[in-house]
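Visitor: Handing you this structure, nothing more for now.
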Amino acid sequence: MNLTGTVLPDGGATLTGQGMFGLTGMPELMIRFGINLAVILILVRWLYYGTSRRKDYLFTYVLISSVVFLLCYMLESVSLQIGFALGLFAIFGIIRYRTNPMPIKEMTYLFLVIGVSVINALTTGTGWMEIVFANLIVVLITIGLEKVWLLRHISSKSIVYEKINLIVPEKYDEMIADLRERTGLKEIKKVEIGEINFLKDTCRMIIYYEDRGRSVNLADQYAFVKPDDTDDE
């Protein structure tokens with residue numbers, strides 16, 4: 001039988017063509033990864049870390065972004081790529097680091113870095129101008145929120161206050177003056193009264209004050225933590 005006219009399957013043609021070690025897709029992968037890494041560094045290293053100084057989240061965001069990008073790019077030929085991308089948001093959206101839930105701002109940045117990575121990895125049929133425009137829009141909006149609109153940063157501090165005779169509405173101004181003197185916080189904007197213990201003549205309260213340095217109060221970001229909720233060393 002004459003086998004000269006036999007046609008190899010597509011897979012065989014692929015293997016005999018570019019081979020397993022073909023580098024035809026490397027330039028696009030490197031360009032896309034470079035764009036993604038540059039955008040993530042602007043968002044996380046400059047904008048987020050510049051205000052929060054959280055090295056743990058900086059480490060997490062950069063690594064998650066890189067891994068998500070590579071996963072999405074390598075699996076772009078899978079027919080369920082959209083479901084895979086949405087699954088990433090669901091998986092990382094329910095992550096709890098240690099025993100404390102992620103603050104809303106950190107959760108937003110996590111969603112942001114995952115979204116940017118998915119956009120840069122899965123938009124293979126989109127032109128470069130559209131990809132650059134999408135990344136630029138995300139960066140500009142984040143800069144506008146962090147550097148312009150939210151220039152006045154309001155922090156909070158939780159304290160146990162023993163002068164419960166001052167927590168009545170009629171003595172609100174006197175209580176604010178006492179808190180300013182004792183805490184050294186001159187820009188107290190609001191006070192929220194929590195649990196009141198009449199046996200010990202104490203109450204729990206949260207002080208909201210304007211922070212000129214725009215730093216995040218990490219000690220009180222989870223409000224009041226009960227002794228039983230602390231982590232065991």
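A short reminder: the numbers here are calculations on the coordinates, not readings from a lab. None of the values given here were measured: they were computed from a predicted structure. Every residue, glycine as well, gets a Cβ built from its backbone with ideal geometry; the counts of neighbours run over all protein chains shown.
Visitor: Spin-label point model (7 Å from Cα, Cβ direction): what's the Ile154 to Tyr208 distance in nm?
Guide: 0.3 nm
Visitor: Can you compute the modelled spin-label distance between Ile167 and Lys147, with each label point 7 Å from Cα toward Cβ, in nm?
Guide: 4.3 nm
Visitor: Also, quick follow-up: Can you list the GluC sites (Glu not before Pro) in segment 123-177 that are in a DSSP coil and have 14 or fewer other beta carbons within 10 angstrom?
Guide: Glu162
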